[in-house]
Amino acid sequence: MSVSVVQPSRTAWSRLRPFGARQVDLRTGFWADRVRINRERTIPHGLDQLRRAGTLDNLRLADGYRAAADSTGATLPFLDSDVYKWLEAVGWELARGPDPGLAASADEVIALVTTTQRADGYLNSYVQAGDGEPYRDLSWGHELYCLGHLIQAAVAWHRALGDDRLLDVAIRAADHLPGPLVDGHPNIEMALVELARVTGDRRRLTTAARMLELRGHGTLPGARFGAGYWQDHEPVRDAATVAGHAVRQLYLDCGAVDVAVELGDDRLLGAVRRRWDDMIRTRTYLTGGLGSRHRDEAFGDPYELPPDRAYAETCAAIASVMLAWRLLLATGEAGYADAIERTMYNGVLPGISLTGTRFFYTNPLQRRTHRVLDGAGPRLPWYPCACCPPNLMRLLSSWQQYLATCDDSGIQVHQYAAAEVRTELPSGPARLRIDTGYPWDGRIVLSLLETPAEPWTLSLRVPRWCRTASLTGPDGTIAVGAGMVKRHRRWQPGDVVELSLDLPARITEPDPRIDAVRGCVAVERGPLVYCIETADAPGRTEIEELIWDPSREPAVRPRPDVAEAMVGVTVPVLRRRSGAPATAGAIPYFAWANREPGAMRVWIPR
Ligand SMILES: [Zn+2]
């Protein structure tokens, strides 16, 4: 049995079913390359960094074999979670294909986690190395947050590999909980639902549902950023808008969707959907990035979206993909897949270098020249608070699971990549090959390799950014608009369907209520947001000196100098002082900061 990263129960109120980890293979092209780099470079780099940072030593500390006074054991309460996220990534990777070296490393880490667990089931290195008293600081201690990540890793190993070593640890650790508690950092809620799905133990689901109900009544002490920081200001089913720390809010809403679909709780699901709609409309960057404020890593007011001071933590983009995926499964609505696409390309990928070993924690949409001269931030190999890098690892290692879904009527393809998809429809097995050079090329060819004799429906998402699209199939060619295009027929092996998405460079104007970028434009092509870097400014002009020239059109241009197969855009600009026309090169925003240090901007003034 092959099951996936989020797996609603058969009885759950869920429209679509995910494909299992082994039912989708990425073959070649953009995503296959990114996922391969994650496997071959990022995950090994992650283990190395967990060692260097002392994060693995922390678990040894807890186990009592801290021999050296100069132990490098780092001291932040949530670091165990990075070990678990790394393990989750390795679990999905080993399902994709064997790697004896990676498996041996994971065995070592699992053994370390297992021996660190106390006899009574409790497991948290920070507390164990300290006074050993559990659940004393629910506000800031991150104990349930870490437990949530342990459970998620355990669920991945169970589903991907049928390996229950971590699941045994996770169940004992979850059994140690004295009951439903409210943790300052949500995550435990969605983890407990997944644990219920894996074990069939409904008590986990009841606990998660109760945790959601307890939050929102100002119960967490020490709210130095206000109760909204950890969503303790209003009950989860009442709060009309997202609030506070972006990752906390989005993880909480993931848990709320999971509970809602398992319990058929329409009102709870409706609350999350309303918050999501409002967030997309008023608090989301063009890149899909979330979180406008550095001070408390928080959402800002509506339309408070400064490009230069954007926080847009990589983890918030990842959490947004996780939430949109749950909402897509629950509702089947294409808008959630649109959001996943925008956020994956423009909110998640900028957090990792093209080499796979350097990371951004925050993802501003502008870096000024003077900030570069001040030495502002190249990507780093790791962070003292290293939540983002292993979060990237686990998402990329499971990314192929987000491409398509099925239901009793057929298959829905949501994201485009060269891949092969296999599933069992009610009337028999179906196998589909997808060939495409997406996102550089808008031609997507789907070939039926195997199909039941009975008719079924193939659904393809036409992204909302796409203004001209056509579908060619056995019935001829038709123009199609944004949303899910459905073709119901008696398919034959060898049938081919071709979706053509027109990909001109396009100019995007911001919502006029976003004061910080009023009067600017951005360049987009297909699902990609573009940016200008110093390296591509005409005559090495400071990019602050360039303004957009509306009298000329942008054009596409290959950029193999930045990355293989990359398509760039040439942007017509004027020099601010002389008014002289010039042309600047723009590259996809996800690829910025991979060359010499320089300034960058997404929004270009008129
Ligand atoms: Zn993070």
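Laid out as a table, the results:
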| item | result |
| --- | --- |
| Residues within region 218-243 that are free of Cβ contacts under 8 Å to residues at least 60 places away in the same chain, open to solvent by less than 10 Å² (accessible area, probe 1.4 Å) and either of a type in the set (S, T, Y) or under 16 Å from H142 (Cβ atoms) (or both), tallied | 2 |
| Subset of region 380-420 [charged (D, E, K, R) and away from the ligand (no atom under 14 Å from the Cβ)] | D407, D408, E420 |
| Meets criteria (more than 16 Å from the ligand (Cβ to nearest atom), open to solvent by 40 Å² or more (accessible area, probe 1.4 Å) and on the phi > 0 side of the Ramachandran plot) for G375 | yes |
| Subset tally (residues that are more than 22 Å from R159 (Cα to Cα) and in contact with a Ser or Thr (Cβ under 6 Å, 6 or more places away or on another chain)) for region 382-411 | 3 |
| Search result, residues across region 17-55 that are open to solvent by less than 30 Å² (accessible area, probe 1.4 Å) and more than 24 Å from P350 (Cα to Cα) | P18, F19, G20, A21, V24, G54, T55 |
| Residue match in region 244-254 (condition: more than 16 Å from the ligand (Cβ to nearest atom) and touching a residue at least 60 places away in the same chain (Cβ under 8 Å)) | yes |
| Residues of region 271-316 classified as under 17 Å from G335 (Cβ atoms), more than 15 Å from the ligand (Cβ to nearest atom), not hydroxyl-bearing (S, T, Y) and not in a loop (DSSP other than H, G, I, E, B), total | 10 |
| Any hit, region 329-349, residues being open to solvent by 20 Å² or more (accessible area, probe 1.4 Å), on the phi > 0 side of the Ramachandran plot and modelled with pLDDT of 95 or more | yes |
| Subset of region 341-372 [without any contact (Cβ under 8 Å) to a residue 40 or more places away in the chain and either more than 16 Å from the ligand (Cβ to nearest atom) or within 16 Å of the chain's Cα centre (by Cα) (or both)] | H370 |
| Contacts under 8 angstrom Cβ, first residue in region 295-323 being open to solvent by 10 Å² or more (accessible area, probe 1.4 Å) and hydroxyl-bearing (S, T, Y), partner within 13 Å of the ligand (Cβ to nearest atom) and assigned to a helix (DSSP H, G or I), 6 or more apart | Y311/A246 |
| Region 403-422 residues that are open to solvent by 10 Å² or more (accessible area, probe 1.4 Å), paired with ones that are of a type outside the set (A, V, I, L, M, F, W, C) and in a loop (DSSP other than H, G, I, E, B) (beta carbon under 7 Å, 6 or more apart) | D407/R15; D408/P426; E420/R27; R422/Q23 |
| Any chance D495 is acidic (D, E) and exposed (fewer than 13 other Cβ atoms within 10 Å of the Cβ) | no |
| Residues of region 97-126 satisfying the condition of being open to solvent by less than 10 Å² (accessible area, probe 1.4 Å) and small (G, A, S) | A106, G121, S125 |
| Flag for A479 being of a type in the set (A, V, I, L, M, F, W, C) and out of contact with any strand residue (DSSP E or B) (no Cβ under 6 Å at 6 or more places or on another chain) | no |
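The values are calculated or read from the model by the stated rules, or taken from the named source; none is laboratory data. The structure displayed is predicted, hence computed values, not measured ones. Neighbour counts run over all protein chains shown; Cβ positions are idealised from the backbone, glycine included. Each accessible area value is taken on the protein alone, full model and side chains, heavy atoms only, with ligands, DNA and RNA left out. Shrake-Rupley method; radii C 1.70, N 1.55, O 1.52, S 1.80 Å.
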